[in-house]
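> A single structure is presented below for examination.
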């Protein structure tokens, strides 16, 4: 796309848009990875996933689209080396019961989907599990393996090579997504190795939730060494000792809802500084769930992480009134094949775009840069009453500092930082 045709931002600070793509007419994106010069993005509404050639970041070119199975989400994915791992789960936002997204983000999901009642399995018309692709040539993903699960499916995976992958999985008999370690020794035949859930989640085992009105399910873990840092939505932060992958053990569980609004989405360790960056996702329109924050924790004692600061909340516009979601969604997770930084954190704030934060002073984070895309040309989201508002979703950063970000409706944005 020529520079004169690039979308004009609603707001920009120390960031310049250099490339944009509608991803082959499928501008909706969720998780985004870049591998050997190709961006691979899972779709929220277009099903499947797409591959965009970004070797020339000023001229991103869609080169492939892989369709999802019927009624199935491929929204999250991971790449490392020559492997691509793609989640398969029920397409929740196409389901009648979740056309009002508040029903998705509140309460025990497994009870609503019907998977918690293991003895009453309804007819399933979706595919549940994890697909493995060979991406020696990222432009042509070649499926080589699949791990099936019984239930709603897998939500999100953490994989940075080697024997182990880690995932959040909605299994029969459980009230929401739980933690699972996956043995990738044979990529053509991944296998479950171990699981962990919070007390009360195993309904089929006779457990009961203390508060079934909360969305107490694992979003996903991030693993460093033998510790898994798990973002457990309305149940907060769960830290696990996974030295024995088959038998995870709780190190600590911290929850700050109430008084804060929950929705914990990422827990990123910065081991060289003994810090932990934790993002709470804004999940309801016009901040009905409150203002959400990205927190900095002192993690010198893993059994006692202590919050020491929060990132600044964007305020150059009235983002609460703008519509749709305002607040954190995702943070860039220091992928080993991209940028790794313990001083600069890249995040998406949904209707407030992409934000870059300096945490050299961990007690006083400061915004370095921002980019707020304009309203999308059209809505891929067909749920009723959705506003045509940007919802910046994911962010990936190259070792050279190029920033790639996508949106639920607005396509792929490629940005240069100017700081």
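> Select from segment 131-163 the residues that are over 14 Å from residue 89 (Cα atoms) and part of a strand (DSSP E or B) and write down the one among them that is nearest to the chain's Cα centre (by Cα). Spell out the reasoning first.
At the first step, the residues of segment 131-163 found to be over 14 Å from residue 89 (Cα atoms) are 132-145, 158-163.
This time we only want the ones that are part of a strand (DSSP E or B), so: 132-134, 142-145, 158.
Details: 132: 18, 133: 20, 134: 22, 142: 24, 143: 23, 144: 24, 145: 23, 158: 10 Å.
Step by step, filter segment 131-163, then rank; the result is 158.
> For a quick check of your reading of the model, give me the residue pairs whose first member lies in segment 382-402 and is at negative phi and without any contact (Cβ under 8 Å) to a residue 60 or more places away in the chain, whose second is outside any strand (DSSP E or B) and buried (at least 17 other Cβ atoms within 10 Å of the Cβ), with beta-carbon atoms closer than 6 Å and at least 6 apart or on different chains.
Pairs found: 388/375; 388/379.
> Determine, yes or no, whether residue 369 is within 23 Å of residue 260 (Cα to Cα), in contact with a strand residue (DSSP E or B) (Cβ under 6 Å, 6 or more places away or on another chain) and buried (at least 18 other Cβ atoms within 10 Å of the Cβ). Please lay out each step first, then the result.
Details: within 23 Å of residue 260 (Cα to Cα): no; in contact with a strand residue (DSSP E or B) (Cβ under 6 Å, 6 or more places away or on another chain): yes; buried (at least 18 other Cβ atoms within 10 Å of the Cβ): yes.
For residue 369, the condition - within 23 Å of residue 260 (Cα to Cα), in contact with a strand residue (DSSP E or B) (Cβ under 6 Å, 6 or more places away or on another chain) and buried (at least 18 other Cβ atoms within 10 Å of the Cβ) - is not met.
Condition check ((1) buried (at least 19 other Cβ atoms within 10 Å of the Cβ); (2) on the phi > 0 side of the Ramachandran plot) across all residues:
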residue	(1), (2)
10	no, no
16	no, no
20	yes, no
25	no, yes
29	yes, no
42	yes, no
50	yes, no
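> Identify, by number, the condition in (1) buried (at least 19 other Cβ atoms within 10 Å of the Cβ); (2) over 20 Å from the mean Cα position of the chain (by Cα) that residue 232 doesn't meet.
(2)
> Looking at residue 105, is it modelled with pLDDT of 95 or more and either over 20 Å from the mean Cα position of the chain (by Cα) or farther than 28 Å from residue 261 by Cβ (or both)?
Values: modelled with pLDDT of 95 or more: yes; either over 20 Å from the mean Cα position of the chain (by Cα) or farther than 28 Å from residue 261 by Cβ (or both): no.
Against the criterion (modelled with pLDDT of 95 or more and either over 20 Å from the mean Cα position of the chain (by Cα) or farther than 28 Å from residue 261 by Cβ (or both)), residue 105 does not qualify.
> Also, quick follow-up: Given 336, 328, which one is under 18 Å from the mean Cα position of the chain (by Cα), surrounded by fewer than 23 Cβ atoms within 10 Å (Cβ to Cβ) and either under 25 Å from residue 298 (Cβ atoms) or modelled with pLDDT under 95 (or both)? Step through it out loud before you land on a result.
Values: 328 fails: surrounded by fewer than 23 Cβ atoms within 10 Å (Cβ to Cβ).
Criteria check complete, one pass: 336.
> Got a sec? Which strands (runs of 3 or more DSSP E) wholly within segment 1-116 have at least 2 residues that are in contact with a helix residue (DSSP H, G or I) (Cβ under 9 Å, 6 or more places away or on another chain)? Walk me through it before giving the result.
Numbers: elements: 11-13, 15-21, 32-35, 38-42, 49-53, 61-66, 77-80, 83-90.
Answer list for segment 1-116: 15-21.
> Sticking with this structure for a sec: Condition test on residue 242, is it buried (at least 19 other Cβ atoms within 10 Å of the Cβ) and within 28 Å of residue 102 (Cα to Cα)? Walk me through it before giving the result.
Details: buried (at least 19 other Cβ atoms within 10 Å of the Cβ): yes; within 28 Å of residue 102 (Cα to Cα): no.
Against the criterion (buried (at least 19 other Cβ atoms within 10 Å of the Cβ) and within 28 Å of residue 102 (Cα to Cα)), residue 242 does not qualify.
> Have a look at 272, 289, 315 and point out the one that is more than 23 Å from residue 183 (Cβ to Cβ) and either without any contact (Cβ under 8 Å) to a residue 24 or more places away in the chain or assigned to a strand (DSSP E or B) (or both).
On inspection, the qualifying residue turns out to be 315.
The values are calculated or read from the model by the stated rules, or taken from the named source; none is laboratory data. None of these values were measured; they are calculated from a predicted model. We place every Cβ from the backbone using ideal geometry, glycine too, and count neighbours over all the protein chains shown.
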